[in-house]
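The values are calculated or read from the model by the stated rules, or taken from the named source; none is laboratory data. Bear in mind that the values here come from a model prediction, so they are computed numbers and not experimental data. Here Cβ is always computed from backbone atoms with ideal geometry, including for glycine, and neighbour counts include all displayed protein chains.
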Amino acid sequence: MTVGIYYVPEAYSTEAPKLMGRNAAGESFLNGFLKYSRKNGDLWIQVEREEHARDFEKKVASNGRDEVVRAFTNASLGEAKTPGVVYFPGPGIGQHAIMRRFYGDSAWSLCGITHTTSSATAMDAISDLLTAPVQPWDAVICTSNAVKKNVEQLLEYKIDYLRERLGATKIVMPNLPVVPLGIHADDFCFSAVKRQTARIELGASDDSLVVLYTGRLSFHAKAHPLAMYQALESASEQTNKRIILIECGWHANDYIKNAFTEAASIACPSVRVINLDGRIAADRANAWASADVFCSLSDNIQETFGIVPIEAMAAGLPVIVSDWDGYKDTVRDGVDGYRIPTIGPKPGLGGDLAQKHALGIDTYDMYCGYSSSLIAMHSQKLTQAFINLFTSAELREAMGAAGKERARLNYDWRVIIPRYEELWQSLNELRLRAKSEGLKESRVWPARLDPTISFSHYPTTVLSLETLLTMTHPTVSEALGKIDQYKSLSMIGFASLIFPTQEEIQNMLEAAALCGGDPVKAETLIAVVTEPRRAFALRGLAWLTKLGVFHFS
């Protein structure tokens with residue numbers, strides 16, 4: 001067993017104009033996969049376009065892999081049977097399960113992954129898993145326990161709906177394993193010389209304390225900065241320390257950029273704020289190398305895991321994070337840093353927000369922004385966390401060292417990729433066991449029926465094995481000549497996909513000629529064709545009748 005990667009370059013690249021967390025996660029995963037996955041024959045990928053295969057081959061070569069890349073598309077989808085598992089960079093495996101049906105539900109396993117689960121597209125994809133032919137040997141990886149609970153809740157509400165609406169009793173669920181995202185821990189190791197150089201470039205004196213936030217700078221869709229600004233100002237006043245805040249990321253537009261500047265000037269006037277472009281490698285390196293403390297107070301429902309605290313831990317920084325989503329899994333409060341308690345409304349008080357988003361009254365950005373505006377941090381504990389770290393170099397060092405070890409032992413791709421491979425192997429074993437136990441499976445996609453079935457009531461007569469056909473030409477050679485002439489016509493040649501082979505046509509015509517111009521059953525005509533091709537030949541008789549080579553009784 002190996003795995004096929006569903007490869008669309010955009011999903012595995014940070015070079016897109018609109019950089020999102022899923023792009024960074026996808027790029028990091030692919031580099032980790034190519035660096036640490038076991039060599040097990042050829043590398044398989046599913047692509048939408050052939051040029052995507054060429055792009056993947058370049059990535060394989062740049063990572064020092066020498067395997068042959070085998071690519072398949074929807075036109076050759078059955079080749080997915082060879083790798084046995086196909087991995088998708090999102091949760092929407094339901095549509096792919098439907099397409100798999102043409103080959104059988106147990107033909108291969110599907111594995112997706114959660115990123116955000118708050119968008120309409122993601123929520124629909126997760127909800128649709130219950131009505132798509134997803135199987136127990138399929139999986140959607142949840143990157144944190146928090147997002148798994150969110151996914152389970154979405155599915156529970158959909159199950160209730162199906163029971164109420166349809167009386168559904170049989171519910172088939174995919175696996176929902178929790179596997180965190182990974183990092184390349186070595187990318188966040190900086191020497192003392194680099195630290196000194198970075199601080200000089202940023203104008204950070206030895207007696208300054210540098211607090212770093214890195215990631216997308218969005219108050220409505222990532223982390224509202226006001227609580228951080230307020231706590232930094234208070235901690236600065238109480239410790240009499242010179243504080244520098246580095247915000248290393250990117251703003252979607254000038255409106256958001258100006259909003260950050262305005263809020264910082266009011267909430268933390270004593271703190272020097274430096275903005276660095278997180279899309280530029282040199283800026284990212286200077287930000288990580290110069291920092292003393294990392295802070296990320298995510299309060300947004302679109303967040304599911306949160307990779308940056310792990311990167312900060314790998315860099316040896318103590319971290320201050322919100323007790324929110326995936327941060328609950330990754331940061332040990334009081335060990336690697338501090339998880340600041342959060343508070344939100346009682347369940348049931350945001351129905352208006354969901355309704356306005358669902359009806360298109362509010363954009364997704366507004367939906368996220370309104371929701372995050374109802375989440376608050378414990379301000380006293382946040383301020384105290386900063387004070388503790390600002391006043392004790394020993395504490396900063398101890399927490400930084402603990403986090404660094406945790407990141408390397410638990411979140412480096414070196415240890416995460418084997419967990420993926422173990423999951424894929426288990427899915428494959430489940431699938432093969434089901435097949436060996438005589439699984440009965442349908443190959444019907446109800447909304448995409450065979451047109452000869454769904455429109456069988458349209459024609460007057462259905463061509464069957466018992467249908468009587470009469471050859472309209474006196475000799476086989478005349479019939480073949482006329483067929484060749486017709487096949488050269490544009491209005492006929494466009495459908496070459498459905499033509500029987502030249503040999504099959506000749507053999508069937510010769511069988512008809514033996515009857516001396518009398519009607520002959522279609523069953524007799526296709527008997528001269530090899531067994532695997534007889535259904536195709538029976539259909540081909542309808543096409544030959546369309547050309548006027550036969551007429552039916």
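What the table shows:
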| read-out | value |
| --- | --- |
| Test: residue in region 268-276 that is at negative phi and under 30 Å from the mean Cα position of the chain (by Cα) | yes |
| Whichever residue in region 495-553 is surrounded by 13 or more Cβ atoms within 10 Å (Cβ to Cβ), closer than 23 Å to P451 by Cβ and polar (S, T, N, Q) and, among such residues, is nearest to the chain's Cα centre (by Cα) | T501 |
| Meets criteria (modelled with pLDDT of 95 or more and either farther than 18 Å from E152 by Cα or outside the structural domain of I171 (by TED's automatic domain parsing) (or both)) for I45 | yes |
| Pair list, Cβ under 6 Å, 6 or more apart: region 25-37 residue under 13 Å from E10 (Cα atoms) and in contact (Cβ under 8 Å) with a residue 12 or more places away in the chain, other residue buried (at least 19 other Cβ atoms within 10 Å of the Cβ) and of a type in the set (G, A, S) | G26/A11 |
| Output for region 223-235, where each listed residue is crowded, with 24+ Cβ neighbours inside 10 Å and either under 34 Å from the mean Cα position of the chain (by Cα) or of a type outside the set (A, V, I, L, M) (or both) | A223, P225, M228 |
| Number of the condition not met by R70 [criteria: (1) assigned to a helix (DSSP H, G or I); (2) at pLDDT 95 or above; (3) surrounded by fewer than 20 Cβ atoms within 10 Å (Cβ to Cβ)] | (1) |
| Qualifying helices (runs of 4 or more DSSP H) (wholly inside region 322-386; at least 1 residues being among the small types (G, A, S) and under 26 Å from the mean Cα position of the chain (by Cα)) | 351-358, 364-372 |
| Residue count, region 417-476 (criterion: touching a residue at least 12 places away in the same chain (Cβ under 8 Å) and of a type in the set (F, W, Y)) | 3 |
| Cβ pairs under 8 Å, 6+ apart, first in region 160-183 and of a type in the set (S, T, Y), second modelled with pLDDT of 95 or more | T169/R163 |
| Where F190 falls short, out of the listed (1) touching a residue at least 40 places away in the same chain (Cβ under 8 Å); (2) loosely packed, with under 14 Cβ neighbours inside 10 Å | (2) |
| Scope region 240-251; condition surrounded by 15 or more Cβ atoms within 10 Å (Cβ to Cβ) and outside any strand (DSSP E or B); matching residues | K241, H251 |
| Among (1) farther than 26 Å from P136 by Cβ; (2) touching a residue at least 40 places away in the same chain (Cβ under 8 Å); (3) touching a helix residue (DSSP H, G or I) at 6+ places or on another chain (Cβ under 9 Å) - the single one A53 does not satisfy | (3) |
| Looking only at region 307-321, and only at residues there that are among the small types (G, A, S) and part of a loop (DSSP other than H, G, I, E, B), the one that is farthest from the chain's Cα centre (by Cα) | G316 |
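Here's the yes/no breakdown for (1) of a type in the set (A, V, I, L, M, F, W, C); (2) at negative phi:
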{"position": "T472", "(1), (2)": "no, yes"}
{"position": "E478", "(1), (2)": "no, yes"}
{"position": "K482", "(1), (2)": "no, yes"}
{"position": "I492", "(1), (2)": "yes, yes"}
{"position": "Q502", "(1), (2)": "no, yes"}
{"position": "A511", "(1), (2)": "yes, yes"}
{"position": "G516", "(1), (2)": "no, no"}
{"position": "V520", "(1), (2)": "yes, yes"}
